[in-house]
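Once you've had a glance at the structure underneath, I'll fire off some questions.
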Amino acid sequence: MKSYKELPDDAGSNIIGQVTAQANRLSQRLSTVKHTVAIMSGKGGVGKSAITANIATALSLMGCTVGIVDADINGPSIAKMMGVRNITLEYTKSGVLPAISHLGIKIISMDLILSEDDAPVMWNAQTQKDAFTWRSTMEVGALREFIGDTEWGDLDFLLLDLPPGSDRLPNVVELIPNLGGVVVVTIPSEISQLIVKKSITMARDILKVPIIGVVENMAFYMCKHCGEPEPLFSVQDTSDYKLNENTLGKIPFDPKLSLCNDSGTPYLSEYLNTPATEAITEIAHKIQNFFNS
Amino acid sequence: MKFLCIDCDTAMKFKDVTRPEQGSVTAVFECPECFTEIAMYLNPSETQMLKSLDLKLGGNNEAVQPMQMVRSQLETAKKDPFTNISSEVTNGETAEGGKCPFTSVISEAFDENSEPTPEPEQSGLKWTSEALERLERIPSFVRPMAKMGIESFAKDNGHSEITGEIMDAARGNFPAQF
């Protein structure tokens, strides 16, 4: 009796051919993108999406062509922050045209597809009871289509705003084997730093993805009265950070940044000379230099 | 996944696939030498896994549509989240994949917009609330099969209502406990 290896194919389904075709489409799509950068964190709520939106804005203001993939399939926020939430996506034979912000930043997000503000991501299925067995696969499939089926055109940077945690990065690396690097966002609290180290280990030691650097968000605030920086969180001494060698910058807390997120206007395009704008712009320059060096 | 006709020691070939019925897909394979056919049933979880990978049984000879998985599978999408602005015809072109001659049947198998396969006839049997409750405890991916089996058992034994006792009696016919 013939063994598995002796049988010529999989009875006509050509699963390997189908998977290879998917990978080829994705690779071909990214051939016009110079640099892909994943923005990740450890814990949620550290401002990762806001940093992504504003780094994209900074790069755009520096003259780069930029796209953003909102890879947070279940908690998409980039479309809102970039003011493109009401755009209806269009498609042609060759792909879906991304939403484009007023600065020309190209955006794809689940938020552009969901029906209502309060609509969660639900997939067609006979039953949702066993969804744990396939839901994650469905989300990776959606991410693959977001990256591979969007008409990005020529881009200098494609930023991927990942959901919190380290679990999505392996999927991204599988989809984009030549991922340019990872920017890690944290805040100066012990808990956030404890968790973000896991993400760094996952990226650097396990997946062998270059760490472009760590961004410390809400690092301090500028005192209204004396104009001096004051700490917001508990960790004052970041020398034991383990991450210091890669620090890209420290962004001060500015409540106007949150207001800009809500109004769909990137902070950087509204406030040109604030400490936060200067910090984010410097981070964008460091990201650019990382690839140019 | 490969299938061997043991008598002929020959690889069986994909022949046909049905649309998902109660979440399950049936694929038929045939021996090219003796023409023996076998049916492979995918339970709803296996069917869903195949859909989530955007893979087609029997190969994919149709042109790939942009974001076809999200467009066809997202239940909570807007009514018309994407507008086609292309005047080009996109159907009938060949993408990489298998060379199965039954492509139209295959593509329809996962096309939620195509005409559905008629649901099987209702059994006409009543279920008591206790029996329904017990039915709900059966894992969902085998529940349709178990339901059909219990109803078949009840009919064969002249019952018009399915009770807990009948389920107990039918239990011997199934590997799963309920």
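The values are calculated or read from the model by the stated rules, or taken from the named source; none is laboratory data. Given the structure is predicted, the values throughout are model-derived calculations rather than measurements. Glycine also receives a Cβ, built like all others from the backbone with ideal geometry; neighbour counts cover every protein chain displayed. The accessibility values were calculated without ligands, DNA or RNA, using every heavy atom of the protein model including side chains. Shrake-Rupley method; radii C 1.70, N 1.55, O 1.52, S 1.80 Å.
Whose amide H sits under 5 Å from the amide H of A:Leu248, counting only residues 5 or more places off or on another chain, with H placed in the peptide plane?
A:Val214, A:Val215, A:Glu216
Ratio of Rg to Rh for the range A:122-176, alpha carbon only, Kirkwood?
Values: Rg = 13.6 Å, Rh = 13.1 Å.
We get a ratio of 1.04 for the range A:122-176.
Within a Cβ distance under 10 Å of B:Thr36, other residues only, what is the Lys/Arg minus Asp/Glu net charge? All intermediate terms of the calculation are to be shown ahead of the outcome.
Values: positive: none; negative: B:Asp7, B:Glu30, B:Glu33, B:Glu37.
With Lys, Arg at +1 and Asp, Glu at -1, the neighbours total -4.
Just need the relative contact order of the range A:1-132 here, percent rounded to a whole number, with Cα pairs under 8 Å and 6+ apart.
Relative contact order of the range A:1-132: 19 percent.
Taking chain A as a Gaussian network, Cα atoms linked when under 10 Å apart, which of A:Cys64, A:Cys223, A:Cys260 shows the biggest mean-square fluctuation?
Maximum fluctuation in the GNM of chain A, among the listed residues, is at A:Cys223.
Please name the residues of the range A:110-126 whose accessible area, counted over protein heavy atoms with a 1.4 angstrom probe, falls by no less than 50 Å² between the chain alone and the full protein assembly.
A:Ile113, A:Met122, A:Trp123, A:Asn124, A:Gln126
From the convex hull of the Cα coordinates of chain A, what is the mean projected area in square nanometres?
On the way: hull surface 77.3 nm².
Taking the Cα atoms of chain A, their convex hull projects to 19.3 nm² on average.
Which lysines, on any chain, are close to B:Lys155 with Cα under 26 Å apart, when same-chain ones fewer than 8 places away are left out?
Candidates past the 8-residue exclusion: B:Lys126, B:Lys147.
Amide H neighbours of B:Asn84 under 5 Å, at least 5 residues apart or on other chains, H built in the peptide plane: list them.
For B:Asn84, the qualifying residues are A:Tyr91.
Separate question: Going by accessible area, probe 1.4 Å, with all protein chains left in place, what is the ranking of A:His102, B:His159, largest first? Display every interim value, and only then the final one.
Details: A:His102 130, B:His159 80 Å².
Ranked list, largest accessible area first: A:His102, B:His159.
Work out the length of the dipole vector of the range A:19-292 about its Cα centre, built from +1 on the beta-carbon of each Lys and Arg and -1 on the beta-carbon of each Asp and Glu, and round it to the nearest 20 debye. Mind dumping the intermediate values first?
Working: 22 positive and 30 negative charges, 116 e Å.
Here the size comes out at about 560 debye.
Could I ask something else about it? Can you flag which of A:Lys250/A:Lys286; A:Lys106/B:Lys56; A:Lys129/A:Lys197 are past 24 Å Cα-Cα?
Details: A:Lys250/A:Lys286 13 Å; A:Lys106/B:Lys56 31 Å; A:Lys129/A:Lys197 34 Å.
Correct reply: A:Lys106/B:Lys56; A:Lys129/A:Lys197.
Could you give the length gained by full extension between A:Asp205 and A:Lys2, i.e. 0.36 nm per residue of separation minus their alpha carbon distance, to one decimal place? Please report the intermediate quantities before stating the final value.
Numbers: separation 203, 0.36 × 203 = 73.08 nm, distance 4.22 nm.
Between A:Asp205 and A:Lys2, full extension yields 68.9 nm more.
What's the angle, to the nearest 10 degrees (0 to 90), between helix A:190-200's Cα axis and the longest principal axis of chain A?
40 degrees
Still on this structure, please answer the following. Just the number, please: buried accessible area between A and B, total of both chains, 1.4 angstrom probe, nearest 100 square angstrom. Could you put the intermediate results ahead of the total?
On the way: alone 15250 and 12460 Å², together 22560 Å².
Counting both chains, the buried surface is close to 5200 Å².
May I pose another question? Count, for each residue of A:22-32, the Cβ atoms from other chains sitting within 10 Å of its Cβ, then give me the mean as a whole number. If you can, show how the numbers build up before the last one.
On the way: counts 7, 0, 1, 4, 0, 0, 0, 0, 0, 0, 0.
If you average over the peptide's residues, the count of other-chain Cβ atoms is 1.
Taking the solvent-accessible surface of protein heavy atoms with a 1.4 Å probe, what is the per residue accessible area of the protein assembly as shown in Å²?
Numbers: 22560 Å² over 471 residues.
On a per-residue basis, the protein assembly as shown sits at 48 Å².
Let me ask another. Tell me, how many Å apart are the Cα centres for the range A:70-95 and for the range A:114-170?
After rounding, the separation between the Cα centres reads 12 Å.
I want to check the label-to-label distance for A:Met122 and B:Glu161. Put each point 7 Å from Cα in the C-beta direction and report it in nm to one decimal.
3.4 nm
Which one of A:Leu159, A:Gly227, A:Ile283 is farthest out on the positive end of the charge dipole of the range A:19-292, using unit charges on Cβ (Lys, Arg +1; Asp, Glu -1) and the Cα centre as origin?
Going by the Cα projections, it comes out as A:Leu159.
If you fit an axis through the alpha-carbon atoms of helix A:15-29 and take the longest principal axis of the Cα set of chain A, what angle between them do you get, 0 to 90°, nearest 10?
40 degrees
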